[in-house]
Amino acid sequence: MDKVLFIAATACYLVSLAASLLLSFFYRKINTTGLIVWATVHILMLLLFFFSGGLKTSISNPTPANYFLLSFFCTGIVMAGVVLRKSFPLIAKIYSGAFLSSALLFFFNPSMVIGIITAGNPNAISPHKYNLYENVYLMEQQNGFNFNNNSPVFKITKEFGVFHKTLTRNIILPDFPVKIESTKLNTESGIRLIVHFRDSITPQTLDTLIPFGAGDASQEITRKIRP
């Protein structure tokens, strides 16, 4: 995910929640005219989102559409603090409550909320995950070593139910794999990976050995074998 978009989305969302809470205490001072103007801006942000690309937006290469959608959600959250306290039809209260209910989801799964408010997709920033063998997985790092680079960064984890142990991290691949073949070493000190992906229209294969327990050292995979 683009770093600027991530910071902007997180900051705007949290500020909007705080503003909504504050306005819920001073709702009597908000007149109807001001609320109508705010609601108009709220709807306008949604229209601009659809006119500027809509659901085709990407969180890796954001466009104005991402920020229009973010503005739509944030204005909805701020407005909810007033709508829920004033005498409005039930449908308006349900609509506003839907925005505030995202706060509960944010507490348990912030990445899902950020995906919704920036791209309209709850799985937009879900990490890519590949099973290597048994309960060992190659998983994309969301806060990787190569955060500002287009190359994806991965870690290898061993899962135990809801818990997991990181075996190694900061594995930089040229692109997201299409297929992965793995061989566990007898000593369990590492793993051999044969990674298949597509470079433009030409299939590419990487054959490399990944040691475990490499700490935070970056491991950039560069050895290529053309099939």
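How far is the Cα center of region 38-116 from the Cα center of region 1-36, in Å?
10 Å
Can you tell me the length gained on complete extension of the stretch VAL4 to LEU21, counting 0.36 nm per residue apart and subtracting the Cα distance?
Value of the extension gain: 3.5 nm.
Mind checking the per residue accessible area of region 13-76 for me, 1.4 Å probe, whole number of Å²?
Working: 3880 Å² over 64 residues.
Dividing the accessible area of region 13-76 by its residue count gives 61 Å².
Which of the lysines could a cross-linker span from LYS29 if the Cα-Cα distance has to be under 22 Å and same-chain partners fewer than 8 positions apart are dropped?
LYS86, LYS93
Can you give the extra length, in nm with one decimal, that the chain gains between LYS165 and GLU134 once fully stretched, where that is 0.36 nm per residue apart less the Cα-Cα distance?
In short, 9.8 nm is gained.
So how much slack lies between PHE212 and THR40, counting 0.36 nm per residue of separation and subtracting their Cα-Cα distance, in nm?
Working it through step by step, the gained length comes to 56.4 nm.
Based on the Cβ-Cβ distance of VAL178 and PHE107, what FRET efficiency does E = 1/(1 + (r/R0)^6) give at R0 = 30 Å, to the nearest 0.05?
Details: r = 36 Å, r/R0 = 1.19.
It comes out at approximately 0.25.
The values are calculated or read from the model by the stated rules, or taken from the named source; none is laboratory data. Just so you know, these numbers come straight off a predicted model, no measurement behind them. Cβ sites come from the backbone with ideal geometry, for glycine too, and all protein chains shown count toward neighbours. What goes into the accessible areas is simple: the full protein's heavy atoms, side chains included, and nothing from ligands, DNA or RNA. Shrake-Rupley method; radii C 1.70, N 1.55, O 1.52, S 1.80 Å.
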